[in-house]
Amino acid sequence: MTRSVFRFQPYTTQQDLTVEPEYSAECVAGDDDSCGARSGTQHDSGSVDDWMRAHMKSTGHRYFRRSFEVFAELIPATALPAGLEPARVERVRM
């Protein structure tokens, strides 16, 4: 039997700046069912806002789910510049 020793190495999450963020919206207005119209993926939030305004103008729908997506990478904490620590986040528990 082979034995292995694993050591914990802290990592921090960082946005991958080589990839542009993606924005999108979906219309969730409707009485029984959601409209479901989608803006498609855009590379700036202004285009999504323009699509929502145009959709509202033609349908009267005012409720949307907006999404903002980025690519992320894990960076070993030892690779961070000296004196810079990873963010510490306390999560709200219900």
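The values are calculated or read from the model by the stated rules, or taken from the named source; none is laboratory data. In this text the structure is predicted, and so the values were computed from the model without any measurement. Because the Cβ atoms are built from the backbone with ideal geometry, glycine has one as well, and the counts that use them run over all protein chains shown.
Numbers below:
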quantity	calculated
Matching residues, region 37-77, being outside any loop (DSSP other than H, G, I, E, B) and in contact with a helix residue (DSSP H, G or I) (Cβ under 6 Å, 6 or more places away or on another chain)	Gln42, Phe64
Scan of region 1-36 for residues that are part of a strand (DSSP E or B), closer than 22 Å to Arg62 by Cα and polar (S, T, N, Q), ordered by number	Ser24
Test for Gly60: is it over 15 Å from the mean Cα position of the chain (by Cα) and surrounded by 10 or more Cβ atoms within 10 Å (Cβ to Cβ)	no
Among (1) loosely packed, with under 13 Cβ neighbours inside 10 Å; (2) touching a residue at least 12 places away in the same chain (Cβ under 8 Å); (3) out of contact with any Ser or Thr (no Cβ under 9 Å at 6 or more places or on another chain), the one test that Gly46 misses	(2)
Filter pass, Cys27 being at pLDDT 95 or above, surrounded by 10 or more Cβ atoms within 10 Å (Cβ to Cβ) and of a type outside the set (D, E, K, R)	yes
